[in-house]
1. Just in segment 325-382: which GluC sites (Glu not before Pro) are loop by DSSP and have at most 15 other Cβ atoms within 10 Å?
2. How large is the dipole of the chain about the Cα centre if only Lys and Arg carry +1 and Asp and Glu carry -1, each at its Cβ, rounded to the nearest 20 debye?
3. Based on the alpha-carbon gyration tensor of the chain and its eigenvalue square roots a ≥ b ≥ c, which shape applies: rounded if a/c is under 1.5, prolate if not and a/b is larger than b/c, or oblate?
4. At what distance in nm do the modelled label points of MET1 and ASP397 sit from each other, each positioned 7 Å from its Cα along Cα→Cβ?
5. Of GLY272, GLY370, GLY144, which has the largest mean-square fluctuation in a 10 Å C-alpha GNM of the chain?
6. What FRET efficiency comes out for the pair LYS172/MET97, r = Cβ-Cβ distance, R0 = 25 Å, nearest 0.05?
7. Using a probe of 1.4 angstrom, how much of the accessible area of the chain is carbon and sulfur, in percent?
8. Would you mind checking LYS261/LYS368; LYS92/LYS172; LYS269/LYS382; LYS326/LYS382; LYS383/LYS437; LYS366/LYS433 for any pair whose Cα atoms are more than 32 angstrom apart?
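The values are calculated or read from the model by the stated rules, or taken from the named source; none is laboratory data. Keep in mind that this is a model prediction, so the values were computed, not measured. All Cβ positions, even for glycine, are placed from backbone atoms using ideal geometry, and neighbour counts span all protein chains on display. We work out accessible area using only protein heavy atoms, side chains counted, and drop any ligands, DNA or RNA first. Shrake-Rupley method; radii C 1.70, N 1.55, O 1.52, S 1.80 Å.
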Amino acid sequence: MLQNFQNRIKINLPFLQESKLLIAISGGLDSVVLTHLCKETKLDIALAHCNFNLRVKESDADEIFVQELAKTLKLEVFIQHFDTSNYAKENKLSIQMAARELRYNWFQELAEHLDLDYILTAHHADDNLETFLINLTRGTGLEGLTGIPETNGNIVRPLLSFSRDVILDYAKSKQLKWREDSSNASIKYLRNKLRHEVIPKLKEVNSNVLQNFENTLQHLRETEDIVEESVNAVLKRAIIDINNDEITYDISQFLKLNNPKAYLYEIFKPFGFTAFNDILSLLTAQSGKQVVSQSFRLIKDRTHLILAPLPLEDDNEVITINIEEKDKSIQNGIIFFEKAESVTKTLKNEIFVDAKTLNYPLTVRKWKEGDYFYPLGLNGKKKLSKYFKDEKLSLLDKEKCLLLCSNNEIIWVINHRADQRYKVNNTTNNIIKITFKK
């Protein structure tokens with residue numbers, strides 16, 4: 001196995017030979033073998049061990065074992081203790097997900113602090129098959145069936161092509177010692193159930209199952225490249241605008257496709273969406289309908305779909321402006337107040353008002369149903385909802401609109417239209433210029 005490992009490093013992962021490496025070591029069979037192989041290959045390695053404090057005496061014994069191993073091999077070792085149970089509870093995670101998040105966050109912190117190049121984990125071919133089967137049983141797209149990547153950013157898995165049996169044979173031949181995690185024997189976890197009950201049966205049916213699985217993964221990855229190329233071609237036609245955090249898509253480009261749902265899945269799954277039948281229905285829904293994920297929303301706006309982050313909870317905050325304040329930070333910018341000698345040609349982001357018409361404190365707020373104003377240059381009042389419709393503002397544009405108000409009367413639909421009641425006239429002797437700058 002050592003020769004095969006060294007050949008794989010030389011041919012597939014040559015960058016590891018000149019890099020500073022951190023091995024994630026639990027004390028179990030896989031990470032102990034990885035440590036010995038890297039040591040024999042003369043790679044520049046240090047060890048990192050997480051004590052998750054989940055198995056009391058066992059966890060402490062694992063830590064002591066890793067420290068002794070590092071001492072024997074003359075390697076630097078880093079140990080970190082975690083209160084995993086509380087972290088899981090506070091962040092509403094399973095114990096397994098909490099432990100994963102804690103260890104990878106710490107590994108990245110170590111790598112950055114110590115100027116390490118790569119983090120090595122001991123995932124192997126059996127782990128890859130287990131992950132494939134887990135994703136398959138839970139339901140997934142193509143990306144969930146392409147297996148664990150050998151390299152993902154600065155995470156590298158040099159044992160991914162080796163089976164658990166090969167790793168075990170090597171450990172026994174070298175008379176290596178390792179720790180057994182008692183929780184690995186429990187079949188209450190899906191991964192362990194697959195490991196102990198399902199995969200052995202598959203190997204009985206076909207002793208070459210891991211090699212055949214690797215071949216299948218290669219075919220799936222090649223297919224994934226084709227899918228990505230096709231999706232990118234559709235996106236090139238469909239995306240008509242990218243503005244800050246928002247992306248606008250031309251719905252007609254999706255409707256031309258033979259299987260729009262498949263493309264919608266590939267395009268919007270990375271944003272956390274799961275209700276793809278609803279997204280498909282959105283293409284022909286009435287304007288204003290939307291579908292949400294945990295962090296994003298898709299909005300039907302006439303002939304477009306708009307992807308945007310969910311609004312923040314404090315978006316409806318009312319900001320007060322006192323008479324002595326010459327500027328005030330508001331959402332997405334600053335509003336300025338200054339005296340003016342006369343009215344000049346106005347820009348979209350500024351208005352001139354008669355100071356005597358203002359009743360302080362002024363306020364800045366979002367619009368709400370029932371709001372109306374007297375648009376400058378027009379006779380009579382107009383509901384904001386009607387004004388927005390006439391201006392062809394999208395749902396997101398309407399949500400972003402801020403109102404500058406006096407006694408809850410609208411002075412200015414900021415960056416859109418001033419109110420007639422506050423305009424400068426022939427009797428005005430105190431002019432205020434109000435400017436909004438992003």
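1. Numbers: sites: GLU325, GLU338, GLU341, GLU350, GLU369; in loops: GLU325, GLU341, GLU369.
Within segment 325-382, the qualifying GluC sites (Glu not before Pro) (loop, at most 15 other Cβ atoms within 10 Å) are GLU325, GLU341, GLU369.
2. Values: 59 positive and 60 negative charges, 285 e Å.
For the chain, the charge dipole is close to 1360 debye.
3. Details: a/c = 3.20, a/b = 2.19, b/c = 1.46.
It comes out prolate by the Cα gyration axes.
4. In this crude spin-label approximation the distance works out to 6.4 nm.
5. Between GLY272, GLY370, GLY144, it is GLY370 that shows the largest mean-square fluctuation.
6. Working: r = 33 Å, r/R0 = 1.32.
Plugging the Cβ-Cβ distance into 1/(1 + (r/R0)^6) gives 0.15.
7. Working: 12080 of 24770 Å².
Ligands and nucleic acids excluded, carbon and sulfur reach 49 percent.
8. Numbers: LYS261/LYS368 35 Å; LYS92/LYS172 41 Å; LYS269/LYS382 41 Å; LYS326/LYS382 30 Å; LYS383/LYS437 26 Å; LYS366/LYS433 22 Å.
The pairs that break the limit, which is 32 Å between Cα atoms, are LYS261/LYS368; LYS92/LYS172; LYS269/LYS382.
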